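The values are calculated or read from the model by the stated rules, or taken from the named source; none is laboratory data. As the structure is a prediction and not an experimental result, all values here were calculated from the model. Neighbour counts run over all protein chains shown; Cβ positions are idealised from the backbone, glycine included. Note: accessible area is taken over every heavy atom of the protein model, side chains too, but ligands, DNA and RNA are not part of it. Shrake-Rupley method; radii C 1.70, N 1.55, O 1.52, S 1.80 Å.
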Amino acid sequence: MMCSVQRRSCLLLSTTRRYSAWIAAKKQSKAGGSQAQQQQQRAEPTDVGRLFSDERVQGLLHKLTGVSVDKTFANKRISQAERPHYALMSVQEIERTREAMTKDALERLQMVPFVEPRDSRPEILSDDKEIAGFDKNKFVFTDITFDVTNRERTVVVREPDGVLRTATPEERDRMNRVYFERPYSPPFPPGVFSDSALTEALNSDKHEFVLDWACWYYEPDNPEFVNVARTVYDHADKFKKYDLLWATRHYGGLVFYLVLNRRIDGVLEHYAEQKKASEAADLIRLYRTAFTDWRKAIKTGDSDVQIIQDYVEQYCSPQSKLYSFLQGIAPELALGSQRSPQGPRKTPPSSRKPRKMTKNLSLVRRSNNRVKPTKAAKSPTPEYDQPSTSSEDAERRRRQEAADTGKLYFESSHKDDDWAPTTATIFKILVSIRMSAGIWSTISDCDEVYNYWEPLHLLLYGGGFQTWEYSPLYAIRSYLYVWLHLFPAFPFQALLPHTKVTTFFFLRCSIGFFNALADLYLYLAICRRLGKGVGRLYAVFTTFGTGMFIASCAFLPSSFSMTLNTVALAAYLDRKWFISVLATAASALVGWPFAAVLGLPVVVEMLLLKRHLAAKFVLYAGACGIALVALLVAVDSHYYGKTVLAPLNIVLYNVFSEHGPNLYGVEPASFYVKNLLLNWNVAVALAVLGLPASAFVYRSKRPANWDRFLPVLLPFLSGALWVAIFFSQPHKEERFLSPMYPLISLFAALGLDAVYRYGNWKLRKLEAMWNGLVLGTLALFVIVSLSRSAALHKNYHAPIDAYMALSEKLTKDANESGVRLPSSIRVCVGKEWYRYPSSFFLPHALGNSKVRLDFIKSEFAGLLPKRFENAPLPQATRLVPTEMNDMNREEVGRYVPVNSCDYLIDLETPDSTLLEPNFADKPTEWRSIHKEKFLLAQHSHPLYRAFLFPGLSQQHCRFGWYHVFERIKPPVTTSKI
């Protein structure tokens, strides 16, 4: 007779249990039971969840479960029949299809975790006697916030007697089903889980159906799920219906449940009837792993026969039915039976004394029937080798599948029960932060303006500045990269052609939006491959890092490569090889050629570690490379007027030219170190710690192999190679670090997660301390990062504000009646030429007036940009400009006289020279019409200028005025005739 669900509730829902709810209670005498019973109960495992998650236990359960493609994909009743698909296949295609089906079947066989039921005793929140008797019904209050998980959702109940308490598990689950309905999940349990219906279903051999529905309807830690599962397992064991659950996701749970309750004799008899010696030995190995009260330990070299012999010797007598069944598996056991006609004493295993080996038994152990373990046949558990060599290939494939479907610290994905924010939550946060960066971050590199914003302005509005890199003589910049940004910019420009500033910010936000999508993809890939704990930490680092605040919205090839390398890394973790290869190729060819270094993981894994993928890699890389090179050559040849491959030209210039980029500044390695510390603070140290710390924790879990650690090792090596290359180059710029920013976030998350896991593992009593350490580290990172980002905006945003004010002033004058504008309005800039935010901040045309920017002479003695020729496209880009060189040699033809300027943009500083005078001191010539505060770095404290300290930074930093000057025209004098 099956156990009643109600009769077990008092045991399963106990808040303080001495033994696991999965283990049946032992009947004891009034005196407390015999000494043997008490000793046996002390040996019962109490941490069932941890035992079930043990890698050795999981490996044995997976082997015992088996794989049956026919059973896994058997026809099932569905709402609508699917149309069959027929295909003509070759032998190789059939094999590949079978392998794919086997892989799919393995994924469907992920076992339901064994966890203890939740505490059902509610917590009393308050007892308000003044409202007692207000109503006869209970009031249930439920937090229906969409992003809150069902487990963390707040549900409280107001009793009629005025008591306010937390909800019981049954009430909580019912409210979740009411407000967040799922198909086939009514608020109240279906009738199949009642005692009578459950008995009828099991008598009809619907064990798998009942367990599948229970898994869908209940959580694994729901007390009712434990009741139903135990009832099904007891019925299957009582009536020997093991085959009903074999090769299903529930067979491992059945075997584990029977092992916990020391009831494996029925399963052993079942294996004996089917002549499955290997399975019987594995079941005994599992039993030995759960219980340590054996007088003999299983050694590495023990064969299946020897393990079965030890079990029979300890637990069975020759007269027992099990002994007869086991003789069918190992006939050699008959030799050992001659020595003891009465069999071993039926005393508890812990009280038996070891006996000497008889002569006949020693012959069995030396016989040729004993299978010798081979080095190639490794068990998924480190405790012993598998003696059978017939399943070597299957075992190897299983281990490979485990590496592909498991996670960093978990052999199977379902073991990762950590909390992680939902996709919608991360998407909202990332998009919000990236949009804020698009609006509030500054332009920190003049290359972004003159090499990318200005050519884009040319393509959109027909004018802009040209650098020597875009001269057809050198052609080291690709128009394809600029041309790609026409897609988000052109529709907006077509709708609002006179709002260039709005187009500018819209495009920056679009760049940030695509970067947010890439970060979201990587976050999901990390959760799937490395663990939810690593994923949520990565989300914090990549969202709030100042490096991402600067680079995520920058119109630079390095930022473009950063986004695409994020996609490539995510696809690599997801084993989507084509996407990874395509993103890496586009990052290197369309974006920045040197970013190909970060494609090392997919190259090494496909070419060296998984050589069966080498042909695919060659095919994918060849196809992507040919397609992208053809597109590059077509676009650039069109604009340059000759056959051009820009990525090749930039590599030749930077690597093989005599002067190369060193003309534009040489910095020590400390330049990069300082920038990393400013933009990533504690994340830098955590990223350096990421590989060794995660490797140490991974090794501490005694994995069968290091396959699951490759997604950590290979990206780290690519990042280390990047650091080695760029730290050794004399010419250094902050933007060169951008492509490795996702790796910094990833390895900072790995490092912090590893420290937390190791601390909780070794010092469980200090769990609160380790939680505080993680939260404190994250809080420090977020606060310092926000302080740095706020300081960058507050200290250096003045140029954008000044040019926006000038644009608004000119537009306002043009719209006012009675104000006559000259045919040409000249805006000049001297020493502040490199902070020019682009031609998007100057009105393109004001009626019959045209606005243009020109340079006046300053202390700068290098090569300044020159305007594109006034010609239609593509002629404007094909003409070779005069007064251009690649030696950064000054061309004096760039300058105009200061007295020819109508407006002047300049920063007022205490350090004035003859070429850089203080124009604010010339009130008779220039009038300031707008000014913004701008940090004077050389006159400010390094710490207080780098970070924003409210109330303190203002005291320790010095600011100058960023002016928009208007020239004061001399009055017109008239003479009387």
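Descriptive notes on the structure:
- Flag if E208 is assigned to a helix (DSSP H, G or I), touching a Ser or Thr at 6+ places or on another chain (Cβ under 6 Å) and at pLDDT 85 or above: yes
- Matching helices (runs of 4 or more DSSP H) fully within region 45-124 where at least 1 residues are open to solvent by less than 30 Å² (accessible area, probe 1.4 Å), over 24 Å from D304 (Cβ atoms) and modelled with pLDDT of 80 or more: 48-53
- Only listed residue being open to solvent by less than 50 Å² (accessible area, probe 1.4 Å) and within 36 Å of the chain's Cα centre (by Cα), chosen from I476, I439: I476
- Checking A494 against (1) small (G, A, S); (2) surrounded by fewer than 18 Cβ atoms within 10 Å (Cβ to Cβ); (3) closer than 23 Å to K866 by Cβ, the condition it does not meet: (3)
- If you check Y664, Y672 for being among the aromatic types (F, W, Y) and at pLDDT 90 or above, only one passes: Y672.
- Only listed residue being of a type outside the set (S, T, Y), in contact with a Phe, Trp or Tyr (Cβ under 6 Å, 6 or more places away or on another chain) and part of a helix (DSSP H, G or I), chosen from F513, F487, F541, F504: F504
- Some residue of region 247-259 being in a helix (DSSP H, G or I) and open to solvent by 50 Å² or more (accessible area, probe 1.4 Å): no
- Unique residue being farther than 30 Å from P837 by Cβ, in contact with a strand residue (DSSP E or B) (Cβ under 7 Å, 6 or more places away or on another chain) and either modelled with pLDDT under 95 or not basic (K, R) (or both) when the list is G531, G535: G531
- Any hit, region 551-566, residues being without any contact (Cβ under 8 Å) to a residue 60 or more places away in the chain and either of a type in the set (D, E) or in a helix (DSSP H, G or I) (or both): yes
- Failed item, numbered, when V540 is tested on (1) farther than 25 Å from F492 by Cα; (2) open to solvent by less than 10 Å² (accessible area, probe 1.4 Å); (3) not polar (S, T, N, Q): (2)
- Of all residues making up region 814-836, the number that are open to solvent by 50 Å² or more (accessible area, probe 1.4 Å), over 23 Å from L507 (Cβ atoms) and among the charged types (D, E, K, R): 3
- Flag if Y758 is assigned to a helix (DSSP H, G or I) and over 24 Å from Y572 (Cα atoms): yes
- For region 631-653, a residue qualifies if it is open to solvent by 50 Å² or more (accessible area, probe 1.4 Å) and either in contact with a Gly (Cβ under 8 Å, 6 or more places away or on another chain) or β-branched (V, I, T) (or both), and exactly one does: T643.
- Matching residues in region 139-181 - criterion: being in a loop (DSSP other than H, G, I, E, B), open to solvent by less than 30 Å² (accessible area, probe 1.4 Å) and touching a Phe, Trp or Tyr at 6+ places or on another chain (Cβ under 6 Å): none
- Scanning region 875-921 for residues that are open to solvent by 50 Å² or more (accessible area, probe 1.4 Å), in a loop (DSSP other than H, G, I, E, B), in contact with a helix residue (DSSP H, G or I) (Cβ under 9 Å, 6 or more places away or on another chain) and in contact (Cβ under 8 Å) with a residue 60 or more places away in the chain gives a single hit, M887.
- Among the residues of region 922-940, those that are within 51 Å of the chain's Cα centre (by Cα) and in a loop (DSSP other than H, G, I, E, B) comprise L936, S940.
- Selection status of S839, in contact (Cβ under 8 Å) with a residue 40 or more places away in the chain, surrounded by fewer than 16 Cβ atoms within 10 Å (Cβ to Cβ) and hydroxyl-bearing (S, T, Y): no
- Residue match in region 267-278 (condition: closer than 21 Å to E200 by Cα and at pLDDT 85 or above): no
- Residue match in region 690-701 (condition: out of contact with any Phe, Trp or Tyr (no Cβ under 6 Å at 6 or more places or on another chain), at pLDDT below 90 and either aliphatic (A, V, I, L, M) or assigned to a helix (DSSP H, G or I) (or both)): yes
- For region 809-824, the count of residues that are closer than 23 Å to D447 by Cα and touching a residue at least 24 places away in the same chain (Cβ under 8 Å) is zero.
- Applying the set (1) modelled with pLDDT of 95 or more; (2) under 19 Å from K616 (Cβ atoms) to D574 leaves exactly one unmet item: (1).
- Subset of region 580-603 [of a type in the set (A, V, I, L, M) and open to solvent by 30 Å² or more (accessible area, probe 1.4 Å)]: L582, L589, A596, V597, L600, V603
- Residue pairs meeting the criteria (Cβ under 6 Å; at least 6 apart or on separate chains; first among the basic types (K, R), in region 174-195; second open to solvent by less than 60 Å² (accessible area, probe 1.4 Å)): R174/P187; R177/S185; R177/P187
- Count of region 922-935 residues which are over 26 Å from A946 (Cβ atoms) and either of a type outside the set (D, E, K, R) or open to solvent by less than 30 Å² (accessible area, probe 1.4 Å) (or both): 6
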